[in-house]
Amino acid sequence: MIAPLAPTMVIAILFDLRDALFYLAVFGYPVVLGVGVPIHLVLRRLGWSGGFVYLGAGALAAIIGEVLYGIGLTIWDAKPSPEPLMARLRDTIAFLAEAPELAVIIGACGALAALAFWLMTAPVERPNRAVVG
């Protein structure tokens, strides 16, 4: 579970350590466990083990995680609202769609975490050394 630390360190450098720890606890690990691990298992089953595949899958997993996180916040919002739930969900998805820079940042963090994960789990090709003698 070291891979989510890579984007967390970048967030800590660019923004604030408290923001980075919040990202790690509230977003990083839940997305890795809920979205990233299932995607990794599917990729492994398909035999897709390239670094670029993992970069794209990591970005996609992070964006899916952000959408699910936004929907979760909308559903579990503590404030009573006269709006029906579907209208609030529509507003949440519209907000995420109107903030493409947020999607780029989140996708880059997911790609970075996936790259760190791939570097730790990628099959290493070892030279075939025949023993003569």
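What follows is calculated from the coordinates using simple rules that are stated; it is not laboratory data. All values derive from a computational prediction rather than experimental measurement. Here the Cβ positions follow ideal geometry from the backbone for every residue, glycine too, while neighbour counts run over all protein chains shown.
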*Taking amide H positions as placed in the peptide plane 1.01 Å from N, state which residues far from residue 49 in sequence (5 or more) or on other chains have amide H under 5 Å from it.*
none
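What's the local net charge at residue 108, with K and R +1, D and E -1, over the other residues with C-beta under 14 Å away?
-2
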*Please report, in debye to the nearest 20, how large the charge dipole of segment 5-121 is about its Cα centre when each Lys and Arg carries +1 at its beta carbon and each Asp and Glu carries -1 there.*
420
*Restricting things to alpha carbons, tell me how big segment 5-121 is in terms of Rg and Dmax, in Å.*
15.5, 49
_From phi via Karplus (6.51, -1.76, 1.60), per-residue ³J(HN,Hα) for segment 54-60 in Hz, x at Gly/Pro_ = 5, 4, x, 5, x, 5, 5
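As an exercise, use a Förster radius of 30 Å and the Cβ-Cβ distance of residue 99 and residue 42 to find the FRET efficiency, rounded to the nearest 0.05.
On the way: r = 28 Å, r/R0 = 0.94.
Step by step, r from the Cβ atoms, then E = 0.60.
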_Please list 3J(HN,Hα) in residue order for segment 95-110, calculated via the Karplus relation 6.51 cos²θ - 1.76 cosθ + 1.60 where θ = phi - 60°; whole Hz, with x for glycine and proline._
4, 5, 6, 7, 10, x, 5, 5, 5, 5, 5, 5, x, 5, 5, x
